[in-house]
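Asks: Sharing a structure below in structure tokens format, with a few things to ask.
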Amino acid sequence: MLLETINSPSDLKKLRPEQLPELAVEVRKFLLETVSTTGGHLGSNLGTVELSIALHYCFDSPNDKIIWDVGHQAYTHKILTGRRDRFHTQRQYKGISGFPKRSESEHDAFGVGHSSTSISAGLGMAAAASLDGKRSHSIAVIGDGSLTGGMAFEALNQAGHLKKNLIVILNDNEMSISKNVGAFSAFISRKMTGRYYRDLKKEMQVLLKNIPAFGTDILQFARRAENSLKGFLTPGSLFEALGFDYLGPLDGHNLPQLVEVFNNINELDGPLLVHIMTTKGKGYKPAEDTPAKYHGVGVFDVTTGKGAAKPTVKSYTDLFGETLVQLAEEDSKIIAITAAMPDGTGLNPFSQRFPGRFFDVGIAEQHAMTFAAGLAADGFRPVVAIYSTFVQRAYDQVFHDVCLQNLPVTIAMDRAGLVGDDGPTHHGVFDLSYMRHLPGITVMAPKDENELRHMLKTAIYSDLPIALRYPRGAGYGVDLDRELKSFKIGKGEQLIDGNDLTIVAIGATVYPALQAAEALRLKGFSVGVVNARFVKPLDTELILGVALRTGRIITVEENALQGGFGSAVLELLYDNNLQNVKVRRLGLPDHYIEQGSQAQLRKDVGIDAEGITTAALEFMK
């Protein structure tokens, strides 16, 4: 097999061009065999096999920098750059990352995981090469979805101004362009990047400039004619207007064509945008037929395409979506907003039931937040559902456009806490810290899926800015109340009374705290448990009461310890002159947590039942 001989890009370059399509077939087979046993991002990676091969065949990584936006499509890149033998560990505990990671390989030019960053990073590297006097290329590979992010356009704007040696590959797997236009554009792109055409163009420019009186006017007319022809035949006028030379669209699965064009542009100076068309799930019919289903997959059977049976207990995400539909049936002012994640945030049922009240703004979290603020300012009740890790991108909008104006926007932060296999770029473990210090905001987290439903109603009808966080995965299977009620803002609940110690927990850590209390009871200790419910405002009366009674408190949170829930409790005790109360905080340490199952990672950081029990025993010695 050809793939077994490839351990680096230098090995790839030893192949003859006619061998590359055979290699692409082997890579697809390898991807299917591996991802079906580990899970991961399948459809996007099947779609970029030829692109990845062509890039490494024609360019010189790591001297030339290849930056993959988001990283959902970088598996072939990883396989070709010396990680084939370890690829079965991708997204696994103590294995390689599912995303490009600088510490993992010199060929991972930039660490990614969030979208729309590649052009900015690539432009920075192109500027660095220019300042150092190096001859190299920066190549940013960005999908049409990521291009909806405003940061991508900010970078395109500056790149067109700086005129650095930057190549942007637009991997387009959504737009529909006719075959005839695509084929003709590919022909034009190959010819216009060829050496003969480039040399002739330069000579003609010199010749026309030297014609007395009329030369400059003729040259300008020729440039306008060339741009008009390219604009008529290709969809690249926007990029040309931003200062890029535009090539394409090209068939992203035609390796000979990609190699020819990439070899040609290797000698060009940027900025240059190459538009390629790819098919999500290419080569695997189930993924081609239903690309959304195979974007991110768990373990599945390659022959049938079927995955493991779904858990019988509904996920927090699904129940959030169902509850929002239930509330919206009774209130036409409720609006749902997401940033390119209607399925991931459970909003598909809402979008189908209330299409006029559902807005998917694309990968534009900042816009989503201010858009919601605008709706709230005019009397609507917007709910913005975004993964916790991506809410970070809209922090200024939460402060300036929501909280400062005291607008009733509900920020539903899905995937809060440790999310598992996607690792540090996707763990939502900072939201309690960066939300709770904003004046006017209420921050809360449910202990189970039934409490989530009540909290959603509480948030929507509070007339306050509310941040509601809940974890990834299935709930506990608790009974669901038929009638939804609103909680009193800032009111927690005492679940167990105790005399020796009180565990004050928030969100997903409440049930492990209850299990720890039971384990400690069997060892002869009387341990109380409080479900705080609210991080801001805290239930002052309840927490101060248990602090005075037991003199010892353990706080537990699935969030960074710095500035988190435990810090809020410490501040409360200090401000009320209870500095003598002994406090132990359990949460995430001051370093990034790698990938692994949620259970394993919670065990590692000591916030599962066993970890809480051990910490309590040490604390009470």
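Asks: Say the dipole of the chain comes from +1 at the beta carbon of Lys and Arg and -1 at that of Asp and Glu; which of 38, 476, 607 then lies farthest toward its positive end?
Replies: It is 38.
Asks: If one takes the longest principal axis of the Cα atoms in the chain, at what angle in degrees, from 0 to 90 and to the nearest 10, does the Cα axis of helix 449-460 lie?
Replies: 80 degrees
Asks: Looking at the chain, which longest stretch skips every one of the GluC sites (Glu not before Pro) that is in a DSSP loop with at most 16 other Cβ atoms within 10 Å, leaving the sites themselves out?
Replies: Values: sites that count: 106, 174, 267, 483, 594.
Result for the longest clean stretch: 268-482.
Asks: Let me know the shape class of the range 316-469, please: from the alpha-carbon gyration tensor, a ≥ b ≥ c as square roots of the eigenvalues, rounded when a/c is under 1.5, otherwise prolate if a/b is greater than b/c, or oblate.
Replies: Details: a/c = 1.31, a/b = 1.09, b/c = 1.20.
Cα axes put the range 316-469 in the rounded bin.
Asks: For the range 103-169, what log10 I(q)/I(0) values come out of the Debye formula at q = 0.14, 0.23, 0.25 1/Å, with one point per alpha carbon and no solvent?
Replies: -0.40, -1.00, -1.13
Asks: What is the extension gain from residue 63 to residue 1, computed as 0.36 nm multiplied by their sequence separation minus the C-alpha to C-alpha distance, in nm to one decimal?
Replies: In short, 19.5 nm is gained.
Asks: Please list, or write none, the aspartates and glutamates whose alpha carbon is within less than 13 Å of the alpha carbon of residue 94, excluding same-chain residues fewer than 8 places away.
Replies: In chain and number order, the partners are 104, 421, 422, 594, 604.
Asks: For the range 430-475 and the range 116-156, what is the separation of their Cα centres, given in Å?
Replies: 36 Å
Asks: Rounded to the nearest 20 debye, what is the charge dipole size of the range 407-511 about its Cα centre when +1 sits on each Lys and Arg Cβ and -1 on each Asp and Glu Cβ?
Replies: On the way: 11 positive and 14 negative charges, 68 e Å.
For this selection, approximately 320 debye.
Asks: So which of 78/310; 333/485; 491/536; 14/280; 488/536; 457/536 end up more than 20 Å apart by C-alpha? Spell out each step's value before the answer.
Replies: Numbers: 78/310 30 Å; 333/485 18 Å; 491/536 10 Å; 14/280 29 Å; 488/536 12 Å; 457/536 17 Å.
Long pairs (Cα-Cα over 20 Å): 78/310; 14/280.
Asks: Mind listing which trypsin sites (Lys or Arg not before Pro) in the range 436-501 are in a DSSP loop and have 11 or fewer other Cβ atoms within 10 Å?
Replies: Sites meeting the loop and neighbour criteria: 482, 485, 488.
Asks: Straight-line reach from residue 134: which lysines have Cα under 19 Å away, leaving out those fewer than 8 places along the same chain?
Replies: Straight-line reach from residue 134, under 19 Å: 65, 163, 164.
Asks: Can you tell which of 568, 307, 76 lies farthest toward the positive end of the dipole of the chain, using +1 and -1 charges on the Cβ of basic and acidic side chains (Lys, Arg; Asp, Glu)?
Replies: It is 76.
Asks: Report, in debye and to the nearest 20, how large the dipole of the chain comes out about its Cα centre when Lys and Arg carry +1 and Asp and Glu carry -1 on their Cβ.
Replies: Charge dipole of the chain: 600 debye, to the nearest 20.
Asks: Can I ask one more? Counting other C-beta atoms within 10 Å, which of 131, 238 has the fewest, and how do the rest follow?
Replies: The order, fewest Cβ neighbours first, is 131, 238.
Asks: On to the next question. Mind listing which trypsin sites (Lys or Arg not before Pro) in the range 514-548 are in a DSSP loop and have 12 or fewer other Cβ atoms within 10 Å? Please report the intermediate quantities before stating the final value.
Replies: Details: sites: 521, 523, 533; in loops: 523, 533.
Hits after loop and neighbour filter: 523.
Asks: Relative contact order of the range 493-619, please, whole-number percent, based on alpha carbon pairs below 8 angstrom and at least 6 residues apart.
Replies: This gives 28 percent for the range 493-619.
Asks: Next up: Which shape class, rounded, prolate or oblate, goes with the range 493-619 when its Cα gyration tensor gives a ≥ b ≥ c as root eigenvalues, a/c under 1.5 marks rounded, and past that a/b bigger than b/c marks prolate?
Replies: Values: a/c = 1.80, a/b = 1.21, b/c = 1.48.
Oblate is the answer for the range 493-619, as a/c is 1.5 or above yet b/c matches or exceeds a/b.
Asks: Apply 1/(1 + (r/R0)^6) to the Cβ-Cβ distance of residue 289 and residue 491, taking R0 = 45 Å, and write down the FRET efficiency to the nearest 0.05. Walk me through the numbers before you get to the answer.
Replies: Working: r = 50 Å, r/R0 = 1.11.
It comes to 0.35.
Asks: For residue 522 and residue 619, what is the calculated FRET efficiency with R₀ set at 22 Å and r taken between the beta-carbons, to the nearest 0.05?
Replies: In this case the efficiency is close to 0.80.
Asks: What dipole magnitude, in Debye to the nearest 20, does the range 316-469 give about its Cα centre under +1 on Lys/Arg Cβ and -1 on Asp/Glu Cβ?
Replies: Its charge dipole is roughly 260 debye.
Asks: Go through 336, 384, 440 and say which Cα lies farthest out towards the positive end of the charge dipole of the range 316-469; charges sit on Cβ, +1 for Lys and Arg, -1 for Asp and Glu.
Replies: 440
Asks: Next question, about the same structure. For the chain, find the longest principal axis of its Cα atoms and tell me its angle to the long axis of helix 215-233, 0 to 90°, nearest 10.
Replies: Helix 215-233 sits roughly 60 degrees off the main axis of the chain.
Asks: Sticking with this one: What are the trypsin sites (Lys or Arg not before Pro) within the range 270-328 that DSSP puts in a loop, where the Cβ has at most 14 other Cβ atoms within 10 Å?
Replies: Details: sites: 280, 282, 293, 306, 314; in loops: 280, 282, 293, 306, 314.
Here the trypsin sites (Lys or Arg not before Pro) that fit, given the DSSP loop and packing criteria, are 306.
Asks: If you line up the long axis of helix 365-377 against the longest principal axis of the chain, both from Cα atoms, how many degrees apart are they, to the nearest 10?
Replies: Around 60 degrees separate the two axes.
Each reported figure results from applying straightforward, stated rules to the coordinates on display, with no laboratory input. Quick caveat, the model's predicted, so the values are computed rather than measured. Here the Cβ is made from the backbone with ideal geometry for all residues, glycine too, and neighbour counts use every protein chain on show.
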